[in-house]
Amino acid sequence: MSLLLLLPDRSPVIKTIGLTGRDFASAALYASYLDGRDTLGLPEIGEFYNDGELVSAPVAFSGFVASAGNTVTLRPAAGQGFKDHVNVATNPGRYDASRGVALRGTGSYGTAIGAQPHMIFAGLQIDGGTQDAAIGGVVDNVTIDQCIVECSSRDSNRSVVVLGGTTTARNNLIVQRSFGNGLQAGNVGLLVDSNTIVRPSDVAAAGRAIATAYGGTYTVVNNACFNFSTFKDANGTDSGSSGFNGTDLAAAVGSNNQTSLTFTAQFESTTAANKDFRIVSGGALDDIGATSLATDIIGQARPFGAADDIGCY
């Protein structure tokens with residue numbers, strides 16, 4: 001006699017989000033659904049469809065308890081993200097709602113999307129408008145992966161992305177259009193890997209590309225950070241894995257960095273009106289980085305050439 005052991009079904013709960021014929025017509029309605037789930041017993045995935053730009057007041061994901069095994073993922077549905085566009089390799093590196101799922105916040109205060117612990121943002125375009133931040137929430141265990149995130153933060157203490165400790169940001173294009181910071185994180189630990197964190201070249205340099213608070217250990221590797229006053233502040237401890245970063249500043253974090261670079265010579269276009277933060281072939285960021293990730297922001301294999309490139313492309 002054989003015994004058949006039936007394991008519980010751990011398939012994630014997938015809900016669709018979009019303007020036409022989806023489970024939820026907005027990110028806010030999906031957030032309300034999660035609010036009613038309390039302690040999650042399964043992974044939850046919100047898949048966005050490119051039915052049109054989703055424009056809304058700040059959306060706070062709250063009222064539920066996720067965990068390492070029961071995460072909440074926000075991502076495009078298959079074929080719906082900017083990575084799926086037919087011209088993805090030649091499209092300018094910037095937020096563009098015509099090329100894939102895009103969420104834009106309205107208003108002058110708050111955060112376009114407020115995160116909870118154990119949330120994953122993957123392959124999205126998020127524009128925080130003139131709010132404090134595009135993605136925020138001083139919470140742990142958040143991952144932002146292969147996203148395009150822009151914001152015009154309203155003052156110098158704000159950042160495009162604001163998160164707590166034990167946070168991972170990799171392969172993202174983070175654009176601060178105003179005078180705030182780029183990425184800000186708390187005091188546990190932070191992995192910042194292969195991001196492009198920039199302010200347009202015709203906006204005055206200010207703030208910090210990477211703002212850290214209090215203690216913690218930070219790994220900052222293979223990032224292109226331009227047009228800020230400071231690469232990273234001195235809070236916490238920089239791990240021995242940090243390095244291979246590129247910047248127009250005189251110094252960066254770790255070793256093997258490319259410093260004092262000419263901003264406008266490294267990217268296709270750096271002005272506010274014509275942003276295109278794909279790196280130029282043959283520039284100082286090309287074929288000189290550290291290979292730590294399998295792909296880049298648009299899914300191309302790393303390294304694309306003789307060696308990896310610094311930044312998200």
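The values are calculated or read from the model by the stated rules, or taken from the named source; none is laboratory data. These numbers were taken from a predicted model, which means no experiment stands behind them. Glycine gets a Cβ as well: all are built from the backbone with ideal geometry, and neighbour counts include every protein chain shown. Ligands, DNA and RNA are excluded from the accessible area calculation, which covers all protein heavy atoms including side chains. Shrake-Rupley method; radii C 1.70, N 1.55, O 1.52, S 1.80 Å.
Within the stretch 116-132, is there a residue that is touching a residue at least 40 places away in the same chain (Cβ under 8 Å), hydrophobic (A, V, I, L, M, F, W, C), in a loop (DSSP other than H, G, I, E, B) and open to solvent by 30 Å² or more (accessible area, probe 1.4 Å)?
So far as the stretch 116-132 goes, no, none of its residues is touching a residue at least 40 places away in the same chain (Cβ under 8 Å), hydrophobic (A, V, I, L, M, F, W, C), in a loop (DSSP other than H, G, I, E, B) and open to solvent by 30 Å² or more (accessible area, probe 1.4 Å).
Is it the case that the stretch 82-102 has a residue that's under 17 Å from residue 29 (Cβ atoms) and part of a loop (DSSP other than H, G, I, E, B)?
Yes, the stretch 82-102 contains at least one residue that is under 17 Å from residue 29 (Cβ atoms) and part of a loop (DSSP other than H, G, I, E, B).
Restricting the stretch 200-228 to residues that are hydroxyl-bearing (Ser, Thr, Tyr) and assigned to a strand (DSSP E or B), which is surrounded by the fewest Cβ atoms within 10 Å (Cβ to Cβ)?
Applying the filter and picking the extreme gives 217.
Listed residues 149, 161; which is open to solvent by less than 10 Å² (accessible area, probe 1.4 Å), modelled with pLDDT under 95 and outside any loop (DSSP other than H, G, I, E, B)?
On inspection, the qualifying residue turns out to be 161.
Could you identify the single residue in 212, 196, 167, 143 that is touching a residue at least 60 places away in the same chain (Cβ under 8 Å) and on the phi < 0 side of the Ramachandran plot?
The conditions single out 196.
Based on what the data block shows, is residue 88 of a type in the set (A, V, I, L, M) and under 25 Å from residue 37 (Cβ atoms)?
Taking the combined requirement at face value, the residue does not satisfy it.
Are any of the residues in the stretch 169-192 closer than 15 Å to residue 74 by Cα, open to solvent by 10 Å² or more (accessible area, probe 1.4 Å) and either in contact with a strand residue (DSSP E or B) (Cβ under 8 Å, 6 or more places away or on another chain) or at pLDDT below 95 (or both)?
no
Provide a single number: the residues in the stretch 229-257 that are without any contact (Cβ under 8 Å) to a residue 60 or more places away in the chain, crowded, with 21+ Cβ neighbours inside 10 Å and assigned to a strand (DSSP E or B).
Count: 3.
In the stretch 56-74, what residues are within 19 Å of residue 23 (Cβ to Cβ) and of a type in the set (Val, Ile, Thr)?
59, 71, 72, 73
So, in the stretch 64-101, of the ones that are polar (S, T, N, Q) and open to solvent by less than 70 Å² (accessible area, probe 1.4 Å), which residue ends up nearest to residue 176 (Cα to Cα)?
Filtering first and then ranking leaves 91.
Taking the condition of a type outside the set (Phe, Trp, Tyr), part of a loop (DSSP other than H, G, I, E, B) and under 23 Å from residue 178 (Cα atoms), does residue 260 pass?
yes
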